[in-house]
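Values quoted throughout were computed directly from the atomic coordinates according to the rules given, and no laboratory measurement underlies them. Keep in mind that what you see is a predicted model, and the values were worked out from it rather than measured. Because the Cβ atoms are built from the backbone with ideal geometry, glycine has one as well, and the counts that use them run over all protein chains shown.
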Amino acid sequence: MQKRFIGVNRADAQAVDGDLVVDLAFASPEPYERWWGTEILDTSEKAVRTGRLNDGAPVLFNHDWNELRGVHVPGTIRHGEDGVLRGKVRLTSATQVGRETIALVESGVLTKASIGYTIHKIIEKSKAKDGKQLSREIDGAYFEGAVNRAMAKNGPAKRSFLATLDLDLGRFDRGDGEESTFIVVDWEPHENSLVTVPADPTVGIGRSNDQQAAIAAVSPTADTATKGAKMADAVQAAAGTAEVVGTTPQKDVATMERERKEAIINLCRGAQLDEMYAQRWIASGADWGTISKEFLTIREERSRKDSKNVEVGLSDAEIRKFSITRAMNAVVNKNWNMAGLEAEASKTIAQRMGKVPNEHTFYVPLEIQRRDLIVGTSTMGGYLVSTGNQGFIDLLRNNSVVMSMGANRLSGLQGSVTIPKQTAPGTGYWLATEATAATESQLVIGQLALTPRNVGAYTEISRQLLLQSSPDAEQLVMSDLAAVIGLTVDQKALYGTGSEQPTGITAVSGIGSVTITTGDVVYANILEFQSDAMGGNALSDMSGYVTTPAIAGFLKGKQKFASTDTPLWRGRLNEGRIDDDYRAMSSAQMTAGHLLFGDFNQVVIAEWGVLEVEVNPYANFAAGIVGVRAFYTCDVGVRYPAAFSLGTGITK
């Protein structure tokens, strides 16, 4: 794991009233490999906003805003000819931990530092297929959001992230093998930290940029810093006019932090996560919202690895050769000799799952469900199938509106899964002095539990189709199975009532609601959906609307403002945008009169095990119709109900 860090220059250190002033190299323009590409910081005066540093920005320990160790000395920021950004920081001796920090720095034990910053503008550069240089400017806020969304959705997948940029910003025709260099041309440092281990680069753009609003409370003025005032004076001045709020029992900060650390450690142990995750979350001061998001990303990556454990170990040639239609035909004709590979794979899965197979049932290996149907060679027993065709799982997902809107997927699971979430926030309190104990607030940590639930779906196929050993027949059967299951799962992800089925989005306690007067949607209603989510701190760029085709038609014909070309719904009726800002889809899966808004990235769809297929050779004996019932195991969970709001009773 690569880190970007900087060194503390102890040679020029000076003692001032017991404090220690040291020279720090903040940043350099050296290329730095991030998971999404090569990053270069432009450290010239025109690129770096040094206002916060010159105003006495904080020096922290391990990027923890509760661990103040000093301040930047105003007026000392320098842009060196070597491109290195430097300045002086003052480490405080006003506290015991401050004195310990100074001792560690002076002894050469604590020598590394890491910068936290916000990106305002970034330039992406690459080389086109024809050799020409490509360049485009990207807004920093958008870029940071895109990186965080990519991490939450797919983890650190570079090609997927670049493809997302191209989709949103327009095609960037990189040459074969060419990747991008991202030059940060406008950025703003907001803190430096002395670190034991440099911050993990995959956490976010800004190197632990989670709590930048806390900066101002401890920043001394230029006067007090240059006159040698000690850190205690600055802290006292900032807190002097505050008052204590609340009467609940008090806990000291050390106790609260110890309990937080214990909760994180217990979470990682319970989920069997590597200790490094607990150390990173503790050191960075990550809030539970951040921890929950990263936990889900880690769990998604683990599920991809765990899925190997429920595969039967087919070779590439066997994966290409395996045929669901051949297995169905074997059931119909009661002759598995014609489907030896399929019979052996099904038997292996049944043994692993502890099930007793019968003559009408077979199991489809996970690697077949995930198979992309590719060009094979008939002489090798393969199927000549178009490269554009997809495997069962991809087809299943394509038939789900909720998945299409951005739900997270956990595949290949074994056993129940729990994901941590914060169900109630903590409370901030003003303190009379630096010695006042903080008032305990009731931070409530809950779990999103996902439990295997079985869904069965039925379809009918002609016996003649099963006899056609062709790629089109194989694809048609897989598409039909995926469609019936996908639509069933999707409908319950929206409207499931719990118990034997998942609890869908609309049935989860805590989602918002919008009242539609006389059934007529107006622009004020559209804004109310968004303000509902914003009120729960859950409005995001991933949010979107899902409704019925009829309501989509209503909205496409309605204007935001009378006598203007400002339709509420723009684009195609099946997929467009509402209010120009948010993605919108229409589907017959939605109940009549319903309009649902929310961040579908907060939905988790968990998938267990393999596809079980049961065949009835006599569904319609006279017509030669074969009945097929497919079973799939999944569950649906909503991480933050406040991210959703439902409007009902819409008629016009």
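Data for the structure
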read-out: Estimated FRET transfer efficiency when R0 is 35 angstrom, pair Thr196-Asp173 (beta carbons, to 0.05); value: 0.20
read-out: For peptides 499-508, 517-526, sequence by mean Cβ density within 10 Å, most packed first; value: 499-508, 517-526
read-out: Segment Ser315-Arg34, extension gain: residue separation times 0.36 nm, minus the distance between their alpha carbons; value: 97.7 nm
read-out: Sequence of Trp569, Trp35, Trp65 once ranked by neighbouring C-beta atoms within 10 Å, starting from the fewest; value: Trp35, Trp65, Trp569
read-out: Per-peptide average of other Cβ atoms within 10 Å, ordering 343-352, 453-462, 126-135 highest first; value: 343-352, 453-462, 126-135
read-out: Chymotrypsin sites (Phe, Trp or Tyr not before Pro) within region 535-568, DSSP loop, no more than 15 other Cβ atoms inside 10 Å; value: Phe561
read-out: Two-site FRET efficiency, Thr517 against Gln351, from Cβ-Cβ distance with R₀ of 56 Å, rounded to 0.05; value: 0.40
read-out: Shape of region 523-652, Cα gyration tensor, a/c cut at 1.5; value: oblate
read-out: Sparse-neighbourhood loop sites, trypsin sites (Lys or Arg not before Pro) in region 505-589 - DSSP loop, at most 13 other Cβ within 10 angstrom; value: Arg572
read-out: Above-threshold pairs, the threshold being 23 Å between Cα atoms, out of Lys492/Lys558; Lys88/Lys261; Lys492/Lys652; Lys125/Lys158; Lys46/Lys127; Lys46/Lys121; value: Lys492/Lys558; Lys88/Lys261; Lys492/Lys652; Lys46/Lys127
read-out: Cβ-based net charge around Arg570, under 13 Å, with every Lys or Arg adding one and every Asp or Glu removing one; value: +1
read-out: Sites Asn333 and Arg572 - FRET efficiency at Förster radius 51 Å, r taken between beta-carbons, to 0.05; value: 0.65
read-out: Candidates per GluC sites (Glu not before Pro) in region 8-117, loop by DSSP, up to 14 other Cβ within 10 Å; value: Glu45, Glu81
read-out: Ala507-Asn358 pseudo-label distance in nm [points 7 Å out on the Cα-to-Cβ vector]; value: 2.8
read-out: In nm, spacing of pseudo-spin labels at Phe621 and Leu104 (7 Å Cα→C-beta vector); value: 8.1
